[in-house]
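The values are calculated or read from the model by the stated rules, or taken from the named source; none is laboratory data. On a predicted model such as this, the values are computed, not experimentally measured, just so you know. Positions of Cβ are backbone-derived with ideal geometry, glycine not excepted, and every protein chain shown enters the neighbour counts. For the accessible areas, the whole protein counts, side chains as well, though only heavy atoms, and no ligand, DNA or RNA atoms are used. Shrake-Rupley method; radii C 1.70, N 1.55, O 1.52, S 1.80 Å.
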Amino acid sequence: MDASPQRFPIRVEPRYRLLLRLFGVRPANAWVDLGASLEANFGWSHISTPISNCVRWSIEGPWSPITALGVRMSIRHRDITFGGTPRGGVRIDFREPVRYWRFRPPALYLTVEDLDGFAAALAARGIPGDDRRRGRTKP
């Protein structure tokens, strides 16, 4: 397993930049680092967990902008989204919920620029997953 750190920018679409400024988001502070840990930064928000706590990933989307943009918590499942685009993202499920402010989300959605590359980097670290994007044919 290659544990050398890799950085993946979170996609911040130009048409949503003004809205995302409410969360302190700029392209320069919206990224995910993968190494011995997963470090996700999105404006003023940050989540970190050892890579060994990441148990599964899935590529999902696209979504409605109303449900995808900004820093969001799902009421039903309590997962967190760092979203700069409604085009799609990678969901990462945790073995143990990760501390985020006063919450402990069981999963994190990240709308990285390179969905396939990010998924491949997770797979290279031994984390299984699949592509669940709507409108795509599966091999």
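For the chain, report the accessible area per residue in Å² (1.4 Å probe, heavy atoms, rounded to an integer). Before the final figure, lay out each step's value.
Values: 7550 Å² over 139 residues.
Here the per-residue accessible area is 54 Å².
Want the number for Arg132 to Arg26: 0.36 nm per residue separation, take away the alpha-carbon distance, what's left? Don't skip to the answer; put the middle values down first.
On the way: separation 106, 0.36 × 106 = 38.16 nm, distance 2.80 nm.
Extra length available between Arg132 and Arg26 comes to 35.4 nm.
What 222 nm value per residue comes from the helices of the chain, counting each DSSP H run with n ≥ 4 as -39,500 (n - 2.57) and dividing by all residues, nearest 500 deg cm²/dmol?
Values: 3 runs with 18 residues, N = 139.
Here the helix-only value at 222 nm equals -3000 deg cm²/dmol.
Quick check for you: which residues of segment 92-124 have the amide N under 15 Å from the point 7 Å beyond the Cα of Arg7 toward its beta carbon?
Label zone hits: 113-114.
Any chance you could list the semi-axes, whole Å, largest first, of the equivalent ellipsoid that the Cα gyration tensor gives for segment 74-125, using √(5λ)?
Details: eigenvalues 84, 42, 13 Å².
In descending order the semi-axes read 20, 14, 8 Å.
Could you check the simple spin-label distance between Ser48 and Ser64, using points 7 Å along Cα→Cβ, in nm with one decimal?
3.7 nm
Within 10 Å of each candidate Cβ there may be at most 10 other Cβ atoms; applying that plus a DSSP loop requirement, which trypsin sites (Lys or Arg not before Pro) in segment 66-118 survive? All intermediate terms of the calculation are to be shown ahead of the outcome.
Working: sites: Arg72, Arg76, Arg78, Arg87, Arg91, Arg95, Arg99, Arg102; in loops: Arg76, Arg78, Arg87, Arg95, Arg99, Arg102.
Loop-located and lightly packed - Arg76, Arg102.
Of all the stretches in the chain, which is the longest one without any exposed loop site, taking chymotrypsin sites (Phe, Trp or Tyr not before Pro) in a DSSP loop (any state but H, G, I, E, B) with at most 13 other Cβ atoms within 10 Å?
Values: sites that count: Trp44, Trp101.
Longest stretch, sites excluded: 45-100.
For log10 I(q)/I(0) by the Debye sum over Cα atoms at q = 0.08, 0.12, 0.16 Å⁻¹, one of (1) -0.42, -0.63, -0.88; (2) -0.18, -0.42, -0.77; (3) -0.45, -0.66, -0.92 was computed from the structure I shared and the rest are decoys. Which label?
Given (1) -0.42, -0.63, -0.88; (2) -0.18, -0.42, -0.77; (3) -0.45, -0.66, -0.92, the structure-derived one carries the label (2).
Separation between the Asp116 and Arg76 pseudo-spin-labels, each 7 Å from Cα along Cα→Cβ, expressed in nm?
The modelled label-to-label distance comes out at 3.0 nm.
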